[in-house]
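Report on the structure given below.
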Amino acid sequence: MGKQILKIVPILLSVFLQGGSVPTHQREAAMPSVAVQGPLGMAQSCLSTEADSGKIQVYHHKTGETMTLSMDAYLQGVLRGEMQGDYPMEALKAQAVAARTYVYYLKNAGCTHPGGEPVCTDSNCCQAWVPVEDNWIYGPRVAEAVRETEGIVVTYDGAPIKAMYFSSSGGHTEDYAAVWNDLSYGYLQGVPSLNEQAYAFTDDVFMQEFSGWTILTQLRSRGYSISCDSAQLLENITNVRRSETGRVLSLQIDGVTIPGTEFRNCLGLRSTHFYLQKMSGGNIGIVTLGFGHGVGLSQCGSAALAEAGYTYQEILQYYYTGVAVEWMPFR
Ligand SMILES: [Zn+2]
């Protein structure tokens with residue numbers, strides 16, 4: 001856990017407990033759980049005519065177009081959209097391999113986008129993709145990271161993994177199973193992730209303030225039938241279940257159970273590692289640690305590891321448990 005976090009967490013917990021609120025007992029860089037079913041509820045077949053030539057079809061989620069790109073061009077666009085271009089080279093390479101691996105994984109899972117594409121440009125669904133910008137200062141570094149790892153992916157039992165990644169963890173990454181209650185991804189296990197703050201594009205500890213009315217309105221708009229008075233909301237939040245790393249798995253309001261991921265999405269919180277406290281004036285302060293879902297590779301943590309001398313292969317094998325890093329054709 002980073003030094004800053006170590007100093008701040010006890011303060012947060014102290015404030016949290018003194019406030020008599022719920023008992024204690026976690027930038028989306030990338031994708032949450034990705035659907036493997038198409039819009040009609042059936043996995044769609046991939047556009048395959050270009051696959052053997054190393055091209056990839058990408059659904060542009062804003063224009064509705066299908067773009068056909070070389071894998072290199074696609075991955076450079078992902079790195080432009082998903083990572084800081086000035087990070088150490090081995091971290092950029094690790095990100096390039098994670099992004100490539102995720103495309104292989106999506107292709108194997110069934111191409112689910114409207115035109116049968118394996119992947120789209122929406123970071124909330126697949127991975128962000130940003131077109132080439134002329135004279136972008138980090139363009140050559142991104143191109144180098146992709147070129148130097150050409151064809152390399154992360155595998156588990158010989159298959160490309162669900163290579164999830166995110167911005168920063170707040171000190172420890174999370175088990176996939178803890179967040180999504182699914183034991184299928186044994187390589188997505190939580191590990192310590194140190195010294196992230198040095199590479200974070202924003203503070204790792206962040207406070208947002210909401211009125212009780214805003215929180216209830218957001219939750220009700222998502223179908224949660226909660227009847228408590230907004231002025232008494234904090235007092236009505238109970239049974240906060242946390243993972244071992246501190247991320248909120250679920251909480252109850254007026255007896256209604258809400259998953260931590262839902263609560264986060266509803267309010268646009270940076271992560272599910274959050275603590276609630278009463279603010280002067282009656283509002284509710286929500287303090288989050290880290291940025292992103294916390295599962296898989298931490299981008300800020302990988303930058304710290306690269307700075308400490310880790311190779312991209314070592315970084316990937318640090319954040320993805322029990323995996324191999326190897327060359328594999330895209331087909
Ligand atoms: Zn998508």
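Each value in this text was obtained by applying a stated rule to the coordinates, not by laboratory testing. Keep in mind that what you see is a predicted model, and the values were worked out from it rather than measured. Backbone-built Cβ (ideal geometry, glycine too); neighbour counts: all protein chains shown.
Here region 200-259 and region 93-112 have alpha carbon centers that stand 33 Å from each other.
Over region 218-331, what lengths in whole Å, largest first, do the semi-axes of the equivalent ellipsoid take, defined as the square roots of 5 times the eigenvalues of the alpha-carbon gyration tensor?
On the way: eigenvalues 286, 53, 26 Å².
Each semi-axis is √(5λ); the values are 38, 16, 11 Å.
Diagonalising the gyration tensor over the Cα atoms of region 59-190 and scaling each eigenvalue by 5 before taking the square root yields semi-axes of 23, 19, 14 Å, largest first. Residue-normalised convex hull volume from the C-alpha trace of region 174-283: 123 Å³ per residue. In this structure, residue 203 and residue 331 have a Cβ-Cβ separation that, at R0 = 41 Å, corresponds to a calculated FRET efficiency of about 0.40.
Within the straight-line cut-off of under 16 Å between alpha carbons, the aspartates and glutamates reachable from residue 62 are 117, 122, sequence neighbours fewer than 8 places apart in one chain being disregarded. In region 284-331, one over the average inverse separation of all distinct C-alpha pairs is 12.9 Å, which is the Kirkwood hydrodynamic radius.
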